[in-house]
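The values are calculated or read from the model by the stated rules, or taken from the named source; none is laboratory data. Note that this is a predicted model, so its numbers are computed, not measured. When we count neighbours, we look across all protein chains shown, and the Cβ atoms used for this are built from the backbone with ideal geometry, even at glycine. These area figures cover heavy atoms from the full protein model, side chains too; ligands, DNA and RNA do not enter into them. Shrake-Rupley method; radii C 1.70, N 1.55, O 1.52, S 1.80 Å.
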Amino acid sequence: MADPSVTLTVTGGADGLGLPLRHGDCRLTAQPVATASLIAPYPGRVAACSAALAALGLAFPAPGQGLSAQGARIVWAGREQAFLFDAAPPDGLAEHASLTDQADGWARFLLQGTGAEAVLARLVPLDLRAGSFPQGRVVRSLLGHMPLLLIRAASDAFEITTYRSMAGSAVHELGRAMRATAARG
Amino acid sequence: MRIPCPCCGWRDRREFTYYGHETFLHRPAPDAGAEAWDDYLHNRENPAGPTRDLWYHDPCGSWVVVARDTVTHAVAGGEGLA
Ligand SMILES: [Zn+2]
């Protein structure tokens, strides 16, 4: 029987970090990670993974690709790795891939505003203008010194995912870049 | 400096970790003898000019053999490793 004196409380990776933040026309908000399964196909099994994912209307994504269907999303996350968000892994997938529940390990934010590209230009060593980083595109890169999974969510919005252990640093760095970008007018 | 990742395309050098000359791809046979193993583990050239070395693309997890020139800093290309 459970010990009634112990209460475990679920907390989000961005809790207590002072979000939302607003500077100029940019706004940084927390985007809770409800479910996140890392899918790492066993050697030669990418096609078999795609067949299993078809039950969700998805397939294993190519580098830089994200797919969504029926409320579930799959996002490329590295060489032969992908995250399945907002759905449980479909039956049969575990036969062809190593699956790990990493929902507790990541913190996710949304940076929105016409200055969002300029803010991220201070922290990410990539050309994030729409011509080379269009809507829906996914990259693994760096946010300052932190590992980054970046998705262009809209013409003026980026989904920023980093290790939960670094969420405080991420908000600090993003806030500083937002403030400096806003100060330039 | 920009380095080509076979998975992600050309990326900033900050995204990579350097591992040294491609010597590490040419592991001697177990019975090759002490001199060959000493060379493999410890002895490296210090070329002024073309060289080939190993880089790890941290964001995606790919190993790349990069052909570059230590004098001009030109990066000629990269091949992914299995
Ligand atoms: Zn890469």
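Considering only protein heavy atoms, what is the solvent-accessible area of B:Y19 at a probe of 1.4 Å, reported in Å² to the nearest 10?
Estimated to the nearest 10 Å², B:Y19 gives 120 Å².
Does anything in segment B:1-36 have its amide N under 11 Å from the 7 Å Cα→Cβ label point of B:H73, and if so which residues?
What the label zone holds, given the 11 Å backbone N cut-off, is B:1-2.
Any chance you could check the Cα centroid distance between segment B:26-82 and segment A:74-129 for me, in angstrom?
31
Taking every residue in A:32-40, how many Cβ atoms of other protein chains lie within 10 Å of its Cβ, on average?
Averaged over the peptide's residues, the number is 0.
What size of dipole, in debye to the nearest 20, comes out for segment A:46-148 about its Cα centre when the only charges are +1 on Lys and Arg C-beta atoms and -1 on Asp and Glu C-beta atoms?
Here segment A:46-148 has a charge dipole of around 420 debye.
Could you work out the pair-distance distribution P(r) of chain B from its alpha-carbon pairs, with 10 angstrom bin width and percents rounded to whole numbers?
18, 44, 28, 10, 0
In Å², nearest 100, what accessible area do chains A and B bury in total when the solvent probe is 1.4 Å? Don't skip to the end; give the middle numbers.
On the way: alone 9520 and 5450 Å², together 14050 Å².
Roughly 900 Å² of accessible surface disappears when A and B pair.
Over the whole of A:132-139, what's the average partner chain Cβ count within 10 Å per residue? Rounded to a whole number, please.
1
Counting other Cβ atoms within 10 Å of each Cβ, which trypsin sites (Lys or Arg not before Pro) in chain B have at most 13 and sit in a DSSP loop?
Answer in residue order: B:R44.
Tell me, in nm to one decimal, what length is gained between A:H172 and A:R122 on full extension, where the rule is 0.36 nm per residue of separation less the Cα-Cα distance? Write out the running numbers ahead of the final one.
Working: separation 50, 0.36 × 50 = 18.00 nm, distance 1.31 nm.
So the chain would gain 16.7 nm between A:H172 and A:R122.
Mind checking which of A:V124, A:L8, A:S169 is farthest towards the positive end of chain A's charge dipole, using Cβ charges of +1 (Lys, Arg) and -1 (Asp, Glu) about the Cα centre?
Result: A:V124.
Quick check on chain A: what does the Kirkwood estimate of hydrodynamic radius come out to from the alpha carbon pairs, in Å?
That comes to 17.4 Å for chain A.
For chain A, with only Lys/Arg (+1) and Asp/Glu (-1) charged at the beta-carbon, what is the dipole magnitude about the Cα centre, in debye rounded to 20?
720
Using a 1.4 Å probe, what is the accessible area per residue for segment A:1-55, in Å²?
Numbers: 3510 Å² over 55 residues.
Solvent-accessible surface per residue comes out at 64 Å².
With the crude spin-label approximation of a point 7 Å out along Cα→Cβ, what separation in nm comes out for A:A54 versus B:W37?
Placing both labels 7 Å beyond Cα along the Cβ direction yields 5.2 nm.
Which log10 I(q)/I(0) values does segment A:77-136 give at q = 0.17 Å⁻¹ under the Debye formula, counting every alpha carbon as one identical point scatterer?
Once normalised to I(0) and log-transformed, intensities are -0.83.
Please check segment B:1-16 for residues whose accessible area, probe 1.4 Å, is lower by 40 Å² or more when all protein chains are in place than in their chain alone.
Relative to the lone chain, where solvent access is computed with a 1.4 Å probe, segment B:1-16 loses at least 40 Å² at B:C7, B:R11, B:R14, B:E15.
Please express the Cα-Cα pair-distance distribution P(r) of segment B:1-46 as a list of whole percents, one per 5 Å bin, running from 0 to the bin with the greatest distance.
Calculated P(r), rounded to whole percents: 5, 17, 21, 15, 12, 12, 10, 8, 0.
Under a Cβ-only charge scheme (Lys and Arg +1, Asp and Glu -1), can you give me the dipole magnitude of segment B:2-80 about the Cα centre, in debye to the nearest 20?
The calculation lands at about 420 debye.
Which whole-number value in Å³ per residue fits the convex hull of the alpha carbons of segment A:36-103? Don't skip to the answer; put the middle values down first.
Working: hull volume 4.7 nm³, N = 68.
Value for segment A:36-103: 70 Å³ per residue.
Once the dipole of the protein assembly as shown is set up with Lys and Arg at +1 and Asp and Glu at -1 on Cβ about the Cα centre, which of A:G185, A:A55, B:A34 lies farthest towards its positive end?
Of the listed residues, the answer is A:G185.
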